[in-house]
Structures are given as structure tokens and as C-alpha cells.
Amino acid sequence: MSATIHSIEAILVDIPTIRPHKLSMTTMGVQSMVIVRIKDSDGLEGLGEATTIGGLSYGPESPESIKLTVDTYFSPQLIGQAADNINTLKVMLGRSTRGNNLAKSAIETALLDLQGKRLGRPVSELLGGAVHRHLPVLWTLASGDTEKDIHEALGLIETRRHCDFKLKIGSRALMDDVRHVAAIKEAVGESASVRVDVNQAWDESTAAKGMAELQAAGIDLVEQPTPMKDFASLVRLSEKFHLPILADEAVADAKDLYNLAAAGFSGAVAMKIAKAGGPAQVLEQAAVASAAGIGLYGGTMLEGTIGTAASLHAWSTRETLHWGTEMFGPLLMKDDIVVKPLNFHDNGVDLPQGPGLGIEIDEDKLAVYRRKG
Ligand SMILES: [Mg+2]
């Protein structure tokens, strides 16, 4: 008799960020996460996380709605079911619930962690095995102030914590953004890669002008310049410029990426376990991308350590991550709720070892940061 799912808890956790994180749609001072704990009938526990960038200003699921979906709709279906057949449980949730991929991602992650702990094997092994044990991680400069961003970047290059940078732009006038980006590229020099994320803020003609300017300034990649549903504009822009486009909000799962590729898009995709519905689910998108000749990039929802570790287990199984990763979420937060934080060094991060995700909750820290009332 295999172990069954005994209980599921979804916990809201709020951790302040180390500095205001300025995006085109909002400025973040706190990151809110939903931590999911699934216990089985043998007393083993699996951990999962669902987190969004800036809540409803980014997408249709909020931390509060994720908790409600897990508590009210997922838990009653999952409790009492065999814990070890993850595909069957995913089929069940897929039939009963459309969308809600962030909530589904937390559940899939927790089930994989639980399975790994039961078998004594890491999640990367459940996904076929890690090809890489150290993954590159860029840093996002998003203070909103050019001099502060340059100072931050030079310090990180010096200590070899990061050598590639992403700039969040799109909330200011185009040429103000271009001057900001060009000044930073000039200051960090040839050896650092500088990319921008517009988070859908431009229309197509602004994007065309912006991409010409950014190409001239030596920028390597432009992320989601136009609104998420404007597939046609992403396709036209990718045909017009040799500066590649990174599709982010436009593509959640494998099907979205297939549609974008079939429409003629070339460039790269920001994979996120949250958008796709989990660390196993996102690898279906990776397969479509590889088949279509679209570059891979390990994207973040600014998850804490649990969601970041889950993503790393998925990314580690791919031979090539053409644009590296942005799994720096834990570094943007002032504190952590795990016993042993991830090890960031040499412009990247180590894949955690040990059964499951290789992550353990610090109960005292969790008690401090869990939302009260
Ligand atoms: Mg993005």
C-alpha cells in the first residue's frame, strides 16, 4: 500500500526586498510567496512554492487567490489519493481546473519533493538527471537610478557574483530609458552582457525605434517589448532585427510556444515553472523550444529559495541554456525561510544536493514571516 496524501497547507509569506524593485507596471518593496506543504500518511513532507512578480499587476493569479485555489479546490481532490503517482494527480487537477498554473506549479513541486524524499533521490534525477551542477545567474538592475545601478553592477562584477545584467525599462519615455541603458552598458564594458526587460510596455512602433537604439548601444537581448497577446508584433520584430527577442509573458506553456514558433518567431523563451505549471511541465516547453530552434533561458517569478531550487532542478537537466538563468530571487530578499540558503558564487548558483529539492524549512523564520490574521 503506497502512502496517501494526508494534508496540504498553503501559507502566505511576506519578505521585504533589499531595495525597491522598479518594474514597468509596479515597484516592489515586499515579495509575497505561497509556500505549500504536502504531508503523506508516512509523515514525509514535500515543499512547493507559488510566487508572482508584483501580484495582479503582472498576471491573473495573486498570492491570495493561489492560497484560495489550493485550500478550496485542490486540497479536497488530492487528500486521500496515492502520493506517488504525480501524473495521475496532474491529470485530475487539469480536468477539474483550467489555468491557475502558478497554484498547479506549487503542487507539482511539492509532489516531486515528496517523491524525491521517499526515494532518497534529488528532483533533478526524477526529471532524468542533472547535466549541470552549477548554473549561470544574471542580476537585475532595477533601482530606477542610473548611477546607483552602475555602482551595484560594478560591485557584483568585482566579487564575481554576477557578470550579466538585465535592466527593467518601459516606465519612462523611450529615449530616457535608452540613455539609462547605454550609460550602464558603457560602464560595465564588453565582458558583461546587458539585456533589457520591457514587460510589455511598448507598442510595436515604439519597440521598433527602441530596438534600433538598443542594438546600436550593444544590448544583447530585448525581453517582451510588446503586449503579451501581440504574437504578430513579436514575430515581425524578430524578423526585422538581429537583436534577439526573449518572449516571456507571451508564452506560458508548451502550446503557447508552439503557436509563437509556428507563426514565425525566432529568438528565445523565458521558461518559468510558475507559468508552465511546474518543474516537470516546463520541460515540455523546453522540448518545443529546442525543436523550433528557439533559445532557452531559465526565468524567475522572483521566487524564494524553494521555487528557485525547483527551477534549478528543471534547468539542470537541459544540455544548453543559451541565455543562462535569472534565478536570483532569494538574493533580492532581506531574509530567507530555509535552514541552508542556496550557494551563489562564480557568477552562478550550485544545484542543491540531497533528496527532493534539497531544501529544509526554518520553522522559526517561517513563523516570523508568515502573514498574520
Ligand atoms: Mg520578464
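The values are calculated or read from the model by the stated rules, or taken from the named source; none is laboratory data. Not measured: the values here are computed from a predicted model. Here the Cβ positions follow ideal geometry from the backbone for every residue, glycine too, while neighbour counts run over all protein chains shown. Note: areas computed on protein heavy atoms with side chains; ligands, DNA, RNA excluded. Shrake-Rupley method; radii C 1.70, N 1.55, O 1.52, S 1.80 Å.
General remarks:
- Any hit, region 223-231, residues being away from the ligand (no atom under 13 Å from the Cβ) and of a type in the set (A, V, I, L, M): no
- G120 being on the phi < 0 side of the Ramachandran plot, more than 16 Å from the ligand (Cβ to nearest atom), touching a residue at least 40 places away in the same chain (Cβ under 8 Å) and touching a Pro at 6+ places or on another chain (Cβ under 6 Å): no
Here is a yes/no grid of residues against (1) surrounded by fewer than 16 Cβ atoms within 10 Å (Cβ to Cβ); (2) free of Cβ contacts under 8 Å to residues at least 60 places away in the same chain; (3) part of a helix (DSSP H, G or I):
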position: G129; (1), (2), (3): yes, no, no
position: T140; (1), (2), (3): no, no, no
position: L154; (1), (2), (3): yes, yes, yes
position: R161; (1), (2), (3): no, no, no
position: G170; (1), (2), (3): no, no, no
position: M175; (1), (2), (3): yes, yes, yes
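- Scanning region 183-205 for residues being assigned to a strand (DSSP E or B) and more than 18 Å from R172 (Cβ to Cβ) gives a total of 1.
- Subset tally (residues that are open to solvent by 50 Å² or more (accessible area, probe 1.4 Å) and either among the small types (G, A, S) or touching a residue at least 60 places away in the same chain (Cβ under 8 Å) (or both)) for region 221-235: 1
- Checked against the criterion of being open to solvent by 10 Å² or more (accessible area, probe 1.4 Å) and of a type in the set (D, E, K, R), the candidates E326, E363 yield just one match: E363.
- A274 being within 8 Å of the chain's Cα centre (by Cα) and in the same structural domain as R161 (by TED's automatic domain parsing): yes
- Only residues that are open to solvent by less than 40 Å² (accessible area, probe 1.4 Å) and under 25 Å from the mean Cα position of the chain (by Cα) were counted in region 189-209, giving 10.
- Within region 262-287, the set of residues being of a type in the set (D, E, K, R) and either farther than 26 Å from L237 by Cα or assigned to a helix (DSSP H, G or I) (or both) comprises K275, E284.
- Considered as a group, the residues in region 238-254 that are over 15 Å from A289 (Cα atoms) and more than 10 Å from the ligand (Cβ to nearest atom) include one that is surrounded by the most Cβ atoms within 10 Å (Cβ to Cβ), and that residue is S238.
- Identity of the residue in region 206-242, of a type in the set (S, T, N, Q) and part of a loop (DSSP other than H, G, I, E, B), that ends up nearest to V269 (Cα to Cα): Q224
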